[in-house]
Amino acid sequence: MIILHVSHLGLPDWRVEKCAITGSNYGYKVFFAGMNSYNKNYDSKIFEKFFKLDWPDSNYPKKQFVPYILFGKTSIWKSVKKQTKKIIEEVRPDIIHAHNLPSAKLISEFDVPMIYNDHEYWSVYIKRLNTTKLIKENNKISNRKKNFVFNRITKIWSKWESDIVSKYPTIATSQTTINEMKQKYSKELFLLPNFPLKTETSAFHAPVFHGDLNSVYAGIEPTKAISAHRNMTGLEQVFNQNDVGNLILIGRTNFQPSEKVICKGLLSRKDMYNEMAKCSIGLLPMKKIFSHKYINANKVFEYAHAGLHVVCTSSFSDIIDTLQNNCTPFEDYNDLVSKLTYLRDNKDELYEKRLKIFDFAKENLIWEKYEHNIIKAYKSA
């Protein structure tokens, strides 16, 4: 069987690649069509062939933002559709695996079998985007214009989502999303959380006791805007102004390094896991917002496999349920200080929690435990 993965984004995209790895392991030939790689040195051996699709830049540039969202009525959409037609004619896929709503909408205009892989739950995603606070003066949008654009987008994306999920087998990342979609749509839905591959974590050793308390946050943060669902304003003060150990940052961040806030920059996945293992706590510290309950952040499960106790905002209810209480929720940053202080003063208990989540992750938080749902979706297409 031939599977063509289509995305409005480029590679690397680890969820896309894990889906393709699953397909390859089942003996399928896998191809990819999407934007150019974000990393000039990226060289994936997973796909039989890479096809470039000239989507508009999805990184929120001012001049292309409105056309990108409303491209159903633009020359851009017609151009991407023409490119896609040529790719489909060359690959002749048995199934197209469409990643996220723009790609699914595009492929739905062709007479080909398709499954929809919903990375973001887009009708909620647009509401989340509407709360984004631009922090650079030259990127400000008037409230009137912003409200008009987002109201238009919300209407369009909600209609697209309804059409797609009602017609095509759909994969989602969280049980919360699945449950909500079941109430709206009748088509088959499949759960596929953002867990790591077993091969990524099989060589890990059980965590060792740490005399010092270090917390880690892994993530590449935007430089032009603060997304409401990723708002960590004031997190550095939690560590700089309190005796709760150091904060280790992996990936680009907007934080100012200090004696207690240490930036490690971008790391390979192997180096990332090794750096995590030197810490005791993995943080998911964003301030509360309505959309957190839908989020299934892969960094949390990477923390667990590295033997870190997860400390997260209480609004991440799906993650808390997935971890089955192998985490410590907090309400706000004052409560975070209190929880970190307790863990600092009870390192033996913290170590037991780390051992427990490490064992739990090996048995439960692995991609292979759910990858059969991809194959089920293919058979349903």
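Every number in this text was worked out from the coordinates using simple rules, so none of it is lab data. Bear in mind the structure is a predicted one, so any value in this text is a computation, not a measurement. Every residue, glycine as well, gets a Cβ built from its backbone with ideal geometry; the counts of neighbours run over all protein chains shown.
The angle between the Cα long axis of helix 14-25 and the longest principal axis of the Cα atoms of the chain comes to about 70 degrees, rounded to the nearest 10. Between 211, 285, 297, the Cα set farthest toward the positive side of the dipole of the stretch 198-364 (charges on each charged residue's Cβ, about the Cα centre) is that of 297.
Per residue, the convex hull spanned by the Cα atoms of the stretch 198-364 measures out at 106 cubic angstrom.
Going by neighbour counts of Cβ atoms within 10 Å, the residues 75, 174, 315, 227 line up, fewest first, as 75, 227, 315, 174. Converting phi to 3J(HN,Hα) with the Karplus coefficients 6.51, -1.76 and 1.60 and the offset θ = phi - 60°, the stretch 108-125 yields 5, 8, 10, 8, 9, x, 9, 10, 10, 9, 8, 6, 10, 6, 5, 5, 7, 4 Hz in sequence order, with x at every glycine or proline. For the chain, the Kirkwood hydrodynamic radius comes to 22.0 Å, computed from all pairs of different C-alpha atoms.
The phi torsions of the stretch 343-354, fed into the Karplus equation with coefficients 6.51, -1.76 and 1.60 and a -60° offset, translate into couplings of 5, 4, 8, 9, 5, 5, 5, 4, 5, 4, 5, 5 Hz, rounded to whole numbers, with Gly and Pro shown as x. Residues whose amide H lies under 5 Å from that of residue 6, counting only those 5 or more places away or on a different chain, are 33, 97, 98, 99; hydrogens are built 1.01 Å from N in the peptide plane. In this structure, the amide hydrogen of residue 313, modeled 1.01 Å from its nitrogen in the peptide plane, lies closer than 5 angstrom to those of 284, 286, 330, counting only residues at least 5 positions away or on a different chain.
In terms of overall dimensions, the C-alpha atoms belonging to the stretch 158-267 reach 54, 38, 23 Å along their principal axes, ordered largest to smallest. Residues 292, 210, ranked from the fewest to the most other C-beta atoms within 10 Å, line up as 210, 292. Principal axis extents of the Cα atoms in the stretch 1-42, from largest to smallest and rounded to whole angstrom, are 29, 15, 15.
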